[in-house]
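S.K.: Once you've had a glance at the structure underneath, I'll fire off some questions.
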Amino acid sequence: MEMEGASSSGSGGAAQPTLLPSRRSKVFYRFTQQNLPACKPALTPTLVITIFLLAGITFVPVGIICLRASESVEEHVLRYDTECIPEDYRSNRVAYIKDDSISKKCTLNIKLRNQMKAPIYVYYELDNYYQNHRRYVKSRSDKQLLYGLQYKDISSCKPVESSNRLPVVPCGLIAWSLFNDTFTFDVKARKLNVNRKNISWKSDRDHKFGNDVYPFNFQNDTLIGGGKLNQSIPLSEQEDLIVWMRVAALPNFRKLYGVIEEDLDADELLTIHLSNNYNTYSFGGKKKLVLTTSNWLGGKNNFLGLSYIATGCCSILVAIIFALIHVKFPRPHRDASYLHWNRKSSATSR
Amino acid sequence: MLFTFYLDSSSSLHFDSPAPQLVGDLHYILLKSCINPVAKQKELLVGALEFLVECCKDQLAMKRFIYINDDSFQDSFCDNRISNRKYTILNFLPKNLLEQFSRFMNQYFLLIACLQLWPLITPVNPASTWGPLIFIFAVSATKEAWDDYNRYLSDKKANERKVWVVKEGTRIQIEAQDIHVGNIVWLRENDEIPCDLVLTGTSDPQGICFVETSALDGETDLKTRVIPSACIGLASEQLLKIKGVIECPNPDNDIRRFDSNMRLFPPFLDNDICPLTINNTLLQSCYLRNTEWACGVAVYTGNETKLGMSRGIAEPKLTAVDAMIDKLTGAIFLFQLVVVVVLGFAGNIWKDTEARKQWYVMYPSEGPWYELLIIPLRFELLCSIMIPISIKVSLDLVKSVYAKFIEWDEEMLDQDTNTPAHAANTAISEDLGQVEYILTDKTGTLTENRMVFRRCCISGISYGNENGDALKDAAFLHAISNNVPDVIRFLTVMTICNTVTPIKSTGGAMTYKALSQDEYALVNAASQLHMVLTSKSGNILKVNFRGADLQYEILDILEFTSDRKRMSVVVKDCQNEKIILLSKGADEAILPHASAEQYALLGLRTLCFGWRELDECEYVEWARMFKEANSTLTDREWKLAEVCQKLEHHLEILGVAAIEDRLQDGVPETIETLRKSGINFWMLTGDKQNTAIQIALSCNFISSEPRGQLLFLNGRTQDEVFRSLEMVLRTMKITSSEPKLVELLKSCDFRTLAIGDGGNDVRMIQQADIGVGISGREGLQAARAADYKFRFLKRLILVHGRYSYNRTAFLSQYSFYKSLLLCFIQILFSLFSGVSGSSLFNSVSLMAYNVFYTSIPVLTCFLDKDLSEKTVMQNPQILVYCQAGRLLNPSTFAGWFGRSAYHALVVFLVTMHAYSGEKSEMEEVSMVALSGCIWLQVLVVTLEMNSFTILQHVAIWGNFLAFYLINSLVSTIPRLGMYTIMFRLFRQPSYWITMILIFAVGMGPVLAIKYFRYTYKPNIINILQQNERSGGPIYAMVKGNLESQIKPVDSDLSSLSISQAKSRNPVHEPLLSDSPTATRRSVGPSAFDYFPATQSRFSSSSSYSRNLKNN
């Protein structure tokens, strides 16, 4: 019986009879003895305080840079769904939007505060619009978008899979509810050129939407929702649709409408002619027009910058608190008598 | 006999060879009818017959009659085809699936998977559940199939083995599977016995043979088997033609009983019935040893043998950790139901109020009847990942690694025999770390079971007191040479009163084969004192005493039973034709208050020798009763004990022999260490109280200062055993209560480990949560029943058990953490998606998240060590953390739950804010959130892991890279929704900035809290870790502290009463984070007021009585 041997365990694992010449089997041997060399990081005060301090020191500048980047973005947001309703219909907006006989044209002005450098992105922003609703998000057929009418199994497109017993291309609620407000911009009585090409992902145009798939039986008959599509243009070039089909994860989202490829000067008055077709009134959604420049971090979004600064500050604060505690209550590491249960037990034992 | 024939004609029962028992019953009824002359003869007859028929039916149902060597006798018994297979090719799939689906978890997953087939409600592709489910099922089915195939192969091998069988008077060779009941099987030395046989002849003139029964009961020493008296003296030619009938019970699994009778047909013997016992049998799978040949009648064949019948399905032992995980799973399931109900409700309300207005969702105004159910069911599916499907597989995997570690451990390799430890049950390692009670057998477990005769006391004179060895005591030798009658008689008892078999080797030296070590010691000592047992042939026993040959005829052997605690032989002294009863036994049994205390105080095992001359009439009378009792089929044991009692009285006490049984090396140290770790030891022994106390003292069971707890318990009744739960040490009087004791402890939810070496504690080992078999001197005895066979208890518990527990605790909670993390994000997302049950993550991500991304790094926790082995060994007290389950309980689980909720919140909020507005594209956001989860889970593993070997680095960081690699690969497939997403994200600085933000916000608080606790509210483990890692000396806890460390368990115990014990909350007090001295919940008042009977027993050992409580 080798009980003594056991008590000296952990130390002598390596000095065992070696029938294992090669290095590999040696490693395996140490593995079997649970004796692989291991590093055991310890949470020493120095280490932890350093980590927090370093984190704080790096996070605050990064946060400031992000914030600066976000601040440097020129952004104009214009909510137009309330503006563009004639006075008589203010109380009954749904009737207004559903009445085709009423002109939906509307003109608004924006006065630019600062100069905007090209490219200036034009987004429309929808709020309280649930593109991520389960019924909605599932109601599409990626195969049909790619292969068109050849692809027959479009049951996933319910409830907009066919009309008049003919399949709808593109099918599904998403396509059917295509956003159909339009915008044109005038500056100094000159029409501003808005580039509506290449607003969608190239990968979508090339691989997700067929270039020989044409809209068919779309927005026909009773099934009329949002925008219509030009029957003669293949889906891969229907960029509004492609953008729309990239569903948003949150009920508040922006989608690219076009890009203005010229600089706009400060204090310039921008006239916007829009047709307010899309119905957000029935569910109390908001429609906004956004003009924004962009930089390496994206559009205007203070969140990252602010939270980086906040996190950095918190880290520094925590580091300082820990340092103070450490100075105030230095805990000698190698003092076994500190073992508080030792003290406690000596106090309690009679 | 008239009635017998009458019965024959009136019923279809066959009595052409009337069974003795039936005849006996008939006599009984006739007797009854005679003493009741008033009743009408006919009525009586009818009543008697009805009764008889009932009897016969019963007995025929309970018995089988075997006609020896009768080919015309076509039996209805099965042939000798052994089948251990669980499945056949045809039923494998259905049976295995059925088995797997009997588990709750699997049913749950199947239900989820089936629900997912309904496209209306499934949030993701059904493959995300079916894939892992099928994978897991395939893995376990493959394992089962492989095991079964191996069983099939070994069965086939056994079935096709050639054996010699007597057919029509000649020996022919057939395959083992063709043996039929009633065949005479001929065996040669070292043959494996193919089925259960009743021995009829051996090569040995004395009619004995030796078998090795290790495959049956794990005992490797050879057992003696004797041929029944009826067959003694038959030549081998006669054996070929032998005819007869054996009446034996239907097959059962009791390998220690075979109560049956045999009657040979003329011309072999008269009509006498010869009783058979287990000693007349050769059981399947044993080996014939040291015997040239033997033959026997097959009585049980195939799967009906004793072995086959005991090959039941072992009840799986569920570890405490498993039970806790099950409970937590149940809790999570309830939580999930609550979430489903609440969100389902909210979803339906939102649908009816908001969604109807949203024209683009196009809700139909009239839905189907089950419309109300749809949203809740969607949430059920969405939340189904809360219960991680991978946990079972992960746990099984790491558990088998734990077991492997135990087997590989070279420090648990026995240097002498080169036997490594063997973990028979791979699944219960972590229970080792939670052991609270160790029940240990004394003999052979604590001691070496190498007995040596040391002292004796004959007629009041003690020998061997001076030098501690009676064999060298001049006074003793002198007394022998002077033929002091008592001394001679004492030696005679030593030599004769046993079941030792002398074997004369070719060199002329005597060796002895003994069933028990003390008999061996006695016979050996006697032979050194010139009383040599030279031969035993049949009933004649020859003893050589100083050159003179003495002959004794053994008339009866009253075997040792644990109830009587003694064994006796009745012999006829061939010199003077006197019949004497020689008896030896535990001293109380022979003489209730023998003066053997002094030996006991030395820790020696004492045996009293008694002697009585019987007169002829008394013996004849008794022998008849004995034979009768011996041939009963029912309650034989009890009847025998009763009969033996009738003879063993008024014994003349010759003296006391004291036998030493040395402690094994390292036993005191081990016990001391384990006691420090808060484990309670109960030693179970049949020794005298004082002997037990001495042994206990010398192995640190109890300290010499009066603070140990000791109970002397004469546990004849179960009640008494039950009443003494709160005792730390007990001396048990009957081994049969051992299993009960274990059951008792188990019923109180204490983790018990039973350790033993011999046959008598096999049941105890099976009953305990963990059984440990020692391979002691007698060989690998209890190994069969035991879960671990080992000799390094300390290392097993402190190192392997503790690590296993820690690792499993981490792994299981982590599994829940990561599943909950994802699930919480889904729930949060559903709040922003119109409570409609959309999934943020796509099917591929969901499936891969559970199966690949998060399962692999954490698996390496099987290498994690919180403290080095050395530190653990020096500070056994820390085991209390495992015992109390402080690393895995609802409280720690709540911590993980909270952490996953917090992390989900961080991931969700940061992602949704950083990726808002124009970036809010579903696939991108989903991937950002998933990456956030991966970052956090990688860092959580890193933070929670205590030591990093190369493997852990590879697994953790490799997995991290693999995540990006896999997703990049998936992003190159145009067909998938994820096409180009990963590359898009790689290019965005905001992605990386977001990731770092998630990491910092998620881990910062966790790190801060962990550091704060670790440094300013440390538990012992933390302190030891600090000491260890700062390179400082590891302070072993000072002695005074150790005892207070033990205290919590003790004081807990003392206040534990049986009645309330079962209501003790099995969930240990949570964390008790700062104070290990905190006691567990104390239930009820002191139990001692309850049990005056128990208390009174204390008086006998008052010096050791408990005062621990007041310590």
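S.K.: Find the residue count for region B:885-922, including only residues that are farther than 29 Å from A:Lys288 by Cβ and either away from chain A (no Cβ under 14 Å) or acidic (Asp, Glu) (or both).
M.R.: 19
S.K.: In region B:850-879, what residues are closer than 26 Å to A:Cys39 by Cα and among the aliphatic types (A, V, I, L, M)?
M.R.: Answer for region B:850-879, where residues must be closer than 26 Å to A:Cys39 by Cα and among the aliphatic types (A, V, I, L, M): B:Ile856, B:Val858, B:Leu859, B:Leu863, B:Leu867, B:Val872, B:Met873, B:Ile878, B:Leu879.
S.K.: I need every pair where a residue in region B:593-617 that is within 21 Å of B:Asp573 (Cα to Cα) has its Cβ under 8 Å from the Cβ of a residue that is modelled with pLDDT under 70, sequence separation at least 6 or different chains.
M.R.: Correct list of pairs: B:Phe609/B:Ile590; B:Gly610/B:Ile590; B:Gly610/B:Leu591.
S.K.: Collect the residues in region B:472-495 that are closer than 18 Å to B:Cys608 by Cα and not in a helix (DSSP H, G or I), keeping them in residue-number order.
M.R.: none
S.K.: For region B:820-860, which positions are within 12 Å of chain A (Cβ to nearest Cβ) and more than 30 Å from B:Leu372 (Cβ to Cβ)?
M.R.: Result: B:Thr860, single match.
S.K.: Those residues that are open to solvent by less than 40 Å² (accessible area, probe 1.4 Å) and under 43 Å from the mean Cα position of the chain (by Cα), I need them from region B:530-554; list them, please.
M.R.: Those that are open to solvent by less than 40 Å² (accessible area, probe 1.4 Å) and under 43 Å from the mean Cα position of the chain (by Cα): B:Val532, B:Leu533, B:Thr534, B:Ser535, B:Lys536, B:Leu541, B:Ile554.
S.K.: Given the conditions (1) surrounded by fewer than 19 Cβ atoms within 10 Å (Cβ to Cβ); (2) over 17 Å from B:Ser429 (Cα atoms); (3) more than 13 Å from chain A (Cβ to nearest Cβ); (4) not β-branched (Val, Ile, Thr), which single one is not true for B:Ala323?
M.R.: (2)
S.K.: Scan A:Asn252, A:Asn220 and give me the residue that is open to solvent by 30 Å² or more (accessible area, probe 1.4 Å) and either closer than 13 Å to B:Glu921 by Cβ or at pLDDT 90 or above (or both).
M.R.: On the way: A:Asn220 fails: either closer than 13 Å to B:Glu921 by Cβ or at pLDDT 90 or above (or both).
Being open to solvent by 30 Å² or more (accessible area, probe 1.4 Å) and either closer than 13 Å to B:Glu921 by Cβ or at pLDDT 90 or above (or both) holds for just one of A:Asn252, A:Asn220, which is A:Asn252.
S.K.: Now for a separate question. Which pairs do you get when a residue that is within 14 Å of another protein chain (Cβ to nearest Cβ), found in region A:191-206, comes within reach of a residue that is among the acidic types (Asp, Glu) and open to solvent by less than 30 Å² (accessible area, probe 1.4 Å), reach meaning Cβ atoms under 8 angstrom, with the pair 6+ apart or on two chains?
M.R.: Close Cβ pairs (under 8 Å, with a partner that is among the acidic types (Asp, Glu) and open to solvent by less than 30 Å² (accessible area, probe 1.4 Å)) amount to A:Ile199/A:Glu239; A:Ser200/A:Glu239; A:Arg205/A:Glu239.
S.K.: Please verify whether B:Ser815 is open to solvent by 10 Å² or more (accessible area, probe 1.4 Å) and part of a helix (DSSP H, G or I), treating the condition exactly as stated.
M.R.: On the way: open to solvent by 10 Å² or more (accessible area, probe 1.4 Å): no; part of a helix (DSSP H, G or I): yes.
Answer is no for this residue.
S.K.: Out of curiosity, is A:Ala347 within 11 Å of another protein chain (Cβ to nearest Cβ) and either open to solvent by 60 Å² or more (accessible area, probe 1.4 Å) or at pLDDT 95 or above (or both)? I'd like the intermediate steps shown before the answer.
M.R.: Working: within 11 Å of another protein chain (Cβ to nearest Cβ): yes; either open to solvent by 60 Å² or more (accessible area, probe 1.4 Å) or at pLDDT 95 or above (or both): yes.
Spelling it out, A:Ala347 is indeed within 11 Å of another protein chain (Cβ to nearest Cβ) and either open to solvent by 60 Å² or more (accessible area, probe 1.4 Å) or at pLDDT 95 or above (or both).
S.K.: Kindly indicate which of B:Leu97, B:Leu117, B:Leu110 is open to solvent by 20 Å² or more (accessible area, probe 1.4 Å) and in contact with a Pro (Cβ under 8 Å, 6 or more places away or on another chain). Working first, answer last.
M.R.: Details: B:Leu97 fails: in contact with a Pro (Cβ under 8 Å, 6 or more places away or on another chain); B:Leu110 fails: in contact with a Pro (Cβ under 8 Å, 6 or more places away or on another chain).
Only one candidate passes the filter, namely B:Leu117.
S.K.: Tell me, which residue of region A:298-313 that is in a helix (DSSP H, G or I) and within 7 Å of another protein chain (Cβ to nearest Cβ) is most open to solvent (accessible area, probe 1.4 Å)?
M.R.: Here the residue is A:Phe303.
S.K.: Pairs, please: C-beta under 8 Å, at least 6 apart or cross-chain, first residue at the interface with chain A (Cβ under 7 Å from one of its Cβ atoms) and in region B:356-367, second polar (S, T, N, Q)?
M.R.: From residues that are at the interface with chain A (Cβ under 7 Å from one of its Cβ atoms), the pairs are B:Lys357/A:Ser282; B:Gln358/A:Ser282; B:Trp359/A:Ser177; B:Trp359/A:Asn279; B:Trp359/A:Ser282; B:Tyr360/A:Ser177.
S.K.: Let me ask something else about it. Give region B:96-115 a look and list any residue that's more than 31 Å from the chain's Cα centre (by Cα) and of a type in the set (A, V, I, L, M), or say none.
M.R.: Of everything in region B:96-115, those that are more than 31 Å from the chain's Cα centre (by Cα) and of a type in the set (A, V, I, L, M) turn out to be B:Leu110, B:Leu111, B:Ile112, B:Ala113, B:Leu115.
S.K.: So, in region B:1020-1039, how many residues would count as being out of contact with any His (no Cβ under 6 Å at 6 or more places or on another chain), modelled with pLDDT of 50 or more and at the interface with chain A (Cβ under 8 Å from one of its Cβ atoms)?
M.R.: Matching residues across region B:1020-1039 total 7.
S.K.: Also: Quick one: which helices (runs of 4 or more DSSP H) sit completely within region B:832-891 and have at least 2 residues that are open to solvent by 10 Å² or more (accessible area, probe 1.4 Å)?
M.R.: So the answer is B:843-848, B:855-859, B:869-874.
S.K.: Kindly provide the set of residues from region B:929-962 that are among the aromatic types (Phe, Trp, Tyr) and closer than 12 Å to B:Leu821 by Cβ, ordered by number.
M.R.: Scanning region B:929-962 gives a single hit, B:Trp935.
S.K.: Would you pick out the residues in region B:381-398 that are open to solvent by less than 10 Å² (accessible area, probe 1.4 Å) and farther than 30 Å from B:Val340 by Cα?
M.R.: B:Val398
S.K.: I've got another one for you. If I ask for residues that are away from chain B (no Cβ under 14 Å) and either free of Cβ contacts under 8 Å to residues at least 12 places away in the same chain or surrounded by 16 or more Cβ atoms within 10 Å (Cβ to Cβ) (or both), which ones from region A:103-148 would you list?
M.R.: Within region A:103-148, A:Ser103, A:Lys104, A:Cys106, A:Leu108, A:Ile110, A:Leu112, A:Met116, A:Gly148 meet the criteria.
So that you can scan it fast, the table gives a plain yes or no per residue for (1) in a loop (DSSP other than H, G, I, E, B); (2) farther than 17 Å from A:Ile309 by Cα; (3) more than 22 Å from the chain's Cα centre (by Cα):
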{"site": "A:Gly56", "(1), (2), (3)": "no, no, yes"}
{"site": "A:Phe59", "(1), (2), (3)": "no, no, no"}
{"site": "A:Arg68", "(1), (2), (3)": "no, no, no"}
{"site": "A:Asp88", "(1), (2), (3)": "no, yes, yes"}
{"site": "A:Leu108", "(1), (2), (3)": "no, yes, yes"}
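S.K.: Of the conditions (1) surrounded by fewer than 19 Cβ atoms within 10 Å (Cβ to Cβ); (2) at negative phi, A:Ile260 fails just one. Which one is it?
M.R.: (1)
The values are calculated or read from the model by the stated rules, or taken from the named source; none is laboratory data. The shown structure was predicted, so the numbers you read here are calculated from the model rather than taken from an experiment. Cβ: placed from backbone, ideal geometry, glycine included. Neighbour counts: every protein chain shown. Each accessible area value is taken on the protein alone, full model and side chains, heavy atoms only, with ligands, DNA and RNA left out. Shrake-Rupley method; radii C 1.70, N 1.55, O 1.52, S 1.80 Å.
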